[in-house]
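Student: Can you read through this structure? Questions will come right after.
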Amino acid sequence: MAKIEAFLDKQEEEEVVEAIRQAEKKTSGEIRVHIEHTCKGDIWTRAMEVFHLLKMDNTKEDNGVLIYVAVDDREFIIYGDKGINAVVPKDFWESTKEAIVAQFKKGDFKQGLIDGILKAGKELHEHFPWSEGDKNELPDKIST
């Protein structure tokens, strides 16, 4: 498994986790970041595997969003569950990816993740606003 520190230092990791917390405060949706050194095989297939391993397919409203990063391969995927995919604008995932790439190209991986998280959180808030009784269904920490 990858060490987060190879991609983000401890402070940057904490800032990304805080962005997840902030984004999730206004929505019932769940956002996770998963970092690995390399993706063995197809990146979409691996992202789906990780999505299921992290139990993101068990959210009440099918509104989980995974940002999967394969550091050494210099690739990432944003994977949204069927609930969020059904309601976001057609170009939403591509525009979110572009926001992340803009920062990654500068070498600012932390800000790229934060920008993607906050953009996904805003969309989740619009379609799945937080309501009384909602609980954080999944951990906010970065997985590896």
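The values are calculated or read from the model by the stated rules, or taken from the named source; none is laboratory data. Not measured: the values here are computed from a predicted model. Neighbour counts run over all protein chains shown; Cβ positions are idealised from the backbone, glycine included.
Student: Applying the selection to the stretch 70-90, what residues are surrounded by 14 or more Cβ atoms within 10 Å (Cβ to Cβ) and out of contact with any Cys (no Cβ under 8 Å at 6 or more places or on another chain)?
Tutor: If the condition is that a residue be surrounded by 14 or more Cβ atoms within 10 Å (Cβ to Cβ) and out of contact with any Cys (no Cβ under 8 Å at 6 or more places or on another chain), then V71, F76, I77, I78, Y79, G80, D81, G83, I84, N85, V87, V88 are the ones that fit.
Student: Same structure, new question: What tally of residues in the stretch 36-55 results from selecting those that are crowded, with 19+ Cβ neighbours inside 10 Å and at pLDDT below 95?
Tutor: Total satisfying the criteria: 2.
Student: Right, something else. Looking only at the stretch 22-64, filter to residues that are free of Cβ contacts under 8 Å to residues at least 40 places away in the same chain and polar (S, T, N, Q); which one of those is nearest to A86 (Cα to Cα)?
Tutor: Per the criteria, the residue is T45.
Student: So K97 fits all but one of (1) in contact with a helix residue (DSSP H, G or I) (Cβ under 7 Å, 6 or more places away or on another chain); (2) closer than 22 Å to V17 by Cβ; what number is the exception?
Tutor: Status for K97: all satisfied but (1).
Student: Among the residues of the stretch 57-69, are any charged (D, E, K, R), surrounded by 14 or more Cβ atoms within 10 Å (Cβ to Cβ), modelled with pLDDT of 95 or more and closer than 25 Å to E137 by Cβ?
Tutor: no
Student: Separate question: May I ask you to list the residues in the stretch 89-119 that are under 21 Å from R74 (Cα atoms) and touching a residue at least 40 places away in the same chain (Cβ under 8 Å)?
Tutor: Of everything in the stretch 89-119, those that are under 21 Å from R74 (Cα atoms) and touching a residue at least 40 places away in the same chain (Cβ under 8 Å) turn out to be F109, K110, L113, I114, G116, I117.
Student: On to the next question. I'd like to know if the stretch 116-135 contains one or more residues that are small (G, A, S), out of contact with any strand residue (DSSP E or B) (no Cβ under 7 Å at 6 or more places or on another chain), modelled with pLDDT of 95 or more and buried (at least 18 other Cβ atoms within 10 Å of the Cβ).
Tutor: no
Student: Another question about this same structure. Going by the structure shown, is E123 without any contact (Cβ under 8 Å) to a residue 40 or more places away in the chain and more than 19 Å from R21 (Cβ to Cβ)?
Tutor: For E123, the condition - without any contact (Cβ under 8 Å) to a residue 40 or more places away in the chain and more than 19 Å from R21 (Cβ to Cβ) - is not met.
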